[in-house]
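Please read the structure below before turning to the comments.
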Amino acid sequence: MAVSVGVDVGGTFTDFLMLDTKAGTFTTAKVPTTVDDRAKGFLQGIEELGVPLEAIDWLVHGTTAGTNAVLERKGARAGLITTRGFRDVLELGRRTRPHAYGLSGNFQPLIERRFRLEVTERMDAQGRVVTPLAEDDVRAAVRDLIDAGVESLVVHFLHAYVNPEHEALAVRIAREMWPNEHVIAGHEIIREMREFERGTTAAIHASISPIVSQYITRVASQLKEGGFRNELLVMQANGGMMSSSLVTGHAVHTVMSGPAAGVLASAEIAKAAGIPDIITGDMGGTSFDVALVVGGRPVITAEKDLAYGVPIRIPMIDMHTVGAGGGSLARIDRAGMLRVGPESAGSFPGPIGYDRGGDRVTITDANFLLGRLNPGSVTGSDRPAPMARIAAALQEQIGRPLGLDATAAAAAVIEVAISELAGAIRLISIEKGHDPRDFALMPFGGAGPLHAVAIARELGIPRVLVPRFPGLTSALGCALADVRHDFVQTVNMPMRGIDADAITAIMRQQASDGRALLARENVDVGKVEAMHEFDLLFRGQSHVLRIGQDGDVFDAVTVLERFVQAYKQRFELELPEMVPMLINVRSTVVGRRDRIDLSIFRPREGSLADAQVGTREACFDGRWMATRIYRRELLPLGASIEGPAIVEQADATLVLDPGTTSRVDEYGNIIVDLQ
């Protein structure tokens, strides 16, 4: 391995990080995301790295294109062919409400009802044919959808996860007639029970496949024309990557891939620093994404709701998101309460302090007024932010209704935001049986380090680990990722008396399918590993616990023992009278790359005095204090910094409250001790 480039395309900026492991050097770049054609920004950033395309060995890309298309309902026109009587499953869902109280809210399905057509066929829950597939119905439905201008098609039949025979036949018929490659069967995406979740996952894929694949194909083609000689690789939500040649059939796996890359990088950084258990907090301009890393590995889930009524069931890094970022708007609601987010000012017009036309108070404006942000450093402008205008807006919009002056109003905005951010961490830790005090907090994203110490204090977290490039952490994750593919098949059998040979056959088949995909990708990996996990629950319950085992032969005794232990640890209960059920068999096939040594970020030689560039008055707990300002890139190895202090760099700002001590480790991380 020599030159690896990670690229993270966000909604506002596209981040680049190039690592040359032979030379022991790295280069960064950051360009505005070209929303009209993201490929332009991608290629512009590669050019700014200053490396010839033919010299790049690994080029890995994380993208939000699919996620944004789902959230904004800007996907391709998709069609669905389903079992007669099940046309409206996507809208009926689980009959939940978008808000706990009242009847407000609405739902827009990813596939319009007029493009959801029914055909005659039926399987029962054991996979036995009840009604044969009416092939002429399929042909008629396909013709109708083609005539309606539908671009992408998914075939989703009842109980096809058990027996995909009808789905496979229908897809063969459809592919003979369809004008493009965007035809897929539900079982090709996921073979797991729960018709609604399986259906929405298929609908997500159909909605984004044309968008993501066209974009990736365009980028790959232009890279090749420019001299790139290897395969463009694409991040997945599970923290692995895949070849761009597989994106058309696996587009759904790119959802949330950018944030997933950040968690992956955080796990590797934390392991290198000797801190295996961390909580990650990715705070950008509009949102705060939280995840757990336990024992050096990100927690993986198969249950995630992208939006109300849109669950996705693919293996992905478990993250919780709240609408609180640097650009989140502060307001007083009708009850007289101070609220922050989820609405955001975005990049344009942006916060008031950016002087781009924004006139509503944001979290960033509160930090400006409290002296925690350098206006020139953050906005990229030589002129200072108009503090008088920020103060006036805070006084008018927040302070006057609450009886506070501008400074107190700014502090209140930050306190409410911290409470919201801490709440997100509680959801993914305490409510899942983890104590935040047993973890370190790793903030990243442009706004993460700005609030990290305050969040840690709120939760009693003893340490904060700030990576060398917080704003480029997701790009680093892309460069560190292995090639990975996940498989699942529902079996839904009682554990007692289970046919172990049948489960072993499923495990080996899934491992074989994964190795076949790796072979198709033509990617040079060091070794291939296959791992297996099992979803279990007690009959009558609905939520599973995932249990792993070593080897490729199913060991029912060991798996059952581990399930009982895990259940007792999670719920402090033993239920010997209940029937344990094996629901799903999961296999993960990973092509391991050579490891990148993170000591490439080793700090420079020098003194702490050389890194200090001045002082600034900043407000902490209602008191204005002279605060030392440091440049991150000038901090030497082993430097010890006591708060109050502010560490600035191009992609983020770290605020160190009074009473904190911190040090710079051999990987360039800043480790903050709050005890």
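The values are calculated or read from the model by the stated rules, or taken from the named source; none is laboratory data. Bear in mind the structure is a predicted one, so any value in this text is a computation, not a measurement. Cβ sites come from the backbone with ideal geometry, for glycine too, and all protein chains shown count toward neighbours. Only protein heavy atoms, including side chains, enter the accessible area calculation; ligands, DNA and RNA are left aside. Shrake-Rupley method; radii C 1.70, N 1.55, O 1.52, S 1.80 Å.
Spatial offset of the stretch 141-164 relative to the stretch 601-647 amounts to 59 Å, using the alpha carbon center of each.
Of the accessible area of the chain, computed with a 1.4 Å probe over protein heavy atoms only, carbon and sulfur atoms account for 48 percent. Karplus-derived 3J(HN,Hα) values for the stretch 62-73, using 6.51 cos²θ - 1.76 cosθ + 1.60 with θ = phi - 60°, are x, 9, 9, 4, x, 4, 5, 4, 5, 5, 8, 6 Hz; glycine and proline are entered as x. Placing a pseudo-label 7 Å from each Cα along the Cα-to-Cβ vector at residue 95 and residue 553 gives an inter-label distance of 4.8 nm.
First check a/c for the stretch 414-490, with a ≥ b ≥ c the square roots of the eigenvalues of its C-alpha gyration tensor; if it is under 1.5, answer rounded, and if not, answer prolate when a/b is larger than b/c or oblate otherwise. Note, shape of the stretch 414-490 comes out oblate. Residues 405, 486, ordered by accessible area of protein heavy atoms at a 1.4 angstrom probe radius and largest first, appear as 405, 486. Cross-link pairs exceeding 26 Å in C-alpha to C-alpha distance, out of 304/432; 40/224; 22/527; 271/568; 527/568; 74/432, comprise 271/568; 527/568; 74/432. Overall shape: prolate for the stretch 598-663, with the ratio a/c of the largest to smallest alpha carbon gyration tensor axis at 1.5 or above and a/b above b/c. For the stretch 79-127, applying the loop criterion from DSSP together with a ceiling of 10 other beta carbons within 10 Å to the trypsin sites (Lys or Arg not before Pro) yields 94, 95.
The mean sequence distance of close C-alpha pairs (under 8 Å, at least 6 residues apart), as a share of the length of the chain, puts its relative contact order at 12 percent. In this structure the stretch 366-525 gives 39 Å² per residue of accessible area when probed at 1.4 Å with all protein chains present. Sparse packing (at most 15 other Cβ atoms within 10 Å of the Cβ) combined with a DSSP loop state is found for the following GluC sites (Glu not before Pro) in the stretch 154-247: 181. If you wrap the tightest convex hull around every Cα atom of the chain and split its volume per residue, you get 163 Å³.
Note on surface exposure: 354, 215 rank 354, 215 by accessible area, highest first, 1.4 Å probe. The residues of the stretch 223-322 have, on average, 27 Å² of accessible surface per residue, using a 1.4 Å probe with all protein chains present.
Given R0 = 30 Å, the distance between the Cβ atoms of residue 214 and residue 602 translates into a calculated FRET efficiency of 0.15. In the calculated pair-distance distribution of the stretch 219-276, the portion above 19 angstrom amounts to 44 percent of the Cα-Cα pairs. According to the square roots a ≥ b ≥ c of the eigenvalues of the Cα gyration tensor, what is the shape class of the stretch 428-554, taking rounded for a/c under 1.5, prolate for a/b larger than b/c otherwise, and oblate for the remainder? Taking the square roots of the gyration eigenvalues as a ≥ b ≥ c, the stretch 428-554 is oblate.
Here the simple spin-label model places points 7 Å from the Cα toward Cβ, and for residue 168 and residue 331 these points are separated by 5.3 nm.
Across the stretch 187-307, C-alpha contacts under 8 Å between residues 6 or more apart give a mean separation that, scaled by the residue count, equals a relative contact order of 17 percent. Summary of the geometry: the stretch 303-322 and the stretch 11-72, compared by the centres of their Cα atoms, lie 25 Å apart.
For the pair residue 666 and residue 457, a Förster radius of 30 Å applied to the C-beta separation gives a FRET efficiency near 0.65, rounded to the nearest 0.05.
Treating r as the C-beta distance of residue 106 and residue 609 and R0 as 56 Å, the FRET efficiency rounds to 0.40.
Only DSSP H runs of four or more residues enter the estimate; each adds -39500 (n - 2.57), and after division by the residues of the chain the mean residue ellipticity at 222 nm equals -9500 deg cm²/dmol. For the stretch 1-41, the solvent-accessible area of protein heavy atoms averages 40 Å² per residue (probe radius 1.4 Å; ligands and nucleic acids excluded). Shown here for the stretch 451-519: trypsin sites (Lys or Arg not before Pro) in loop regions (DSSP other than H, G, I, E, B) with at most 11 other Cβ atoms within 10 Å, namely 496.
Hey, could you get me the Stokes-Einstein D for the stretch 542-619, Kirkwood radius over alpha-carbon pairs, 37 °C and 0.692 mPa s, rounded to whole µm² s⁻¹? Translational D for this selection: 176 µm²/s.
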